[in-house]
Amino acid sequence: MPIDATQPYDDNNIFARILRGELPSKTVYDDDYALAFHDINPQAPLHLLVIPKGAYVSWDDFSARASDAEIAGFVRAVGQVARDTGLVVPGYRLLANIGPDSHQEVPHLHVHIFAGQKLGPMLAR
Ligand code: AMP
């Protein structure tokens, strides 16, 4: 079910539990500010998720409350993951779902990285 991104942060969401080590993840990148791992239900040959380590529901929440260091760290991590996984030349798609209209399911900010094939039009038609 899509979530209401205006609700307070839920400490028991799936990505909070991954960050606490309570649930496993196939991690590809980990630093002070961000964690990147394979999506459990990939929608492309390569489908990664990058999440900030702090407790933020959405992009607007993150951009309003996170420190400059957290924001820089997260944005740099997304680019680092793209470089580390060889995506700069073939290209890739970044996507962040925020709130009910976008069908955000996990109420912890995450950026999807889709890659590994021609990804087609941006939105389903
Ligand atoms: P969204 O609809 O943007 O909130 O996307 C949530 C994503 O999290 C979906 O693509 C799910 O497949 C993915 N997901 C849910 N649980 C896990 C998990 N335990 N490990 C990795 N990815 C997950």
### Task
Scan region 67-112 for residues that are within 11 Å of the ligand (Cβ to nearest atom), surrounded by 17 or more Cβ atoms within 10 Å (Cβ to Cβ) and farther than 20 Å from Pro8 by Cα and jot them down.
His112
### Query
Take the residues of region 15-35 that are more than 14 Å from the chain's Cα centre (by Cα) and more than 10 Å from the ligand (Cβ to nearest atom): which is surrounded by the most Cβ atoms within 10 Å (Cβ to Cβ)?
Asp31
### Summary
Checked Leu87, Leu123 against criteria (of a type in the set (A, V, I, L, M, F, W, C) and either within 17 Å of the chain's Cα centre (by Cα) or at pLDDT 95 or above (or both)); the one match is Leu87
### Query
For region 46-66, what are the residues that are farther than 14 Å from Leu35 by Cβ and either surrounded by 15 or more Cβ atoms within 10 Å (Cβ to Cβ) or β-branched (Val, Ile, Thr) (or both)?
Leu46, His47, Val57, Ser58, Trp59, Asp61, Phe62, Ala66
#### Entry: Which listed residue is among the aromatic types (Phe, Trp, Tyr) and out of contact with any His (no Cβ under 8 Å at 6 or more places or on another chain), from Phe114, Phe74
Phe74
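The values are calculated or read from the model by the stated rules, or taken from the named source; none is laboratory data. All values reported here derive from a predicted model rather than from experimental measurement. Note that we place each Cβ from the backbone using ideal geometry, even for glycine, and neighbour counts take in every protein chain shown.
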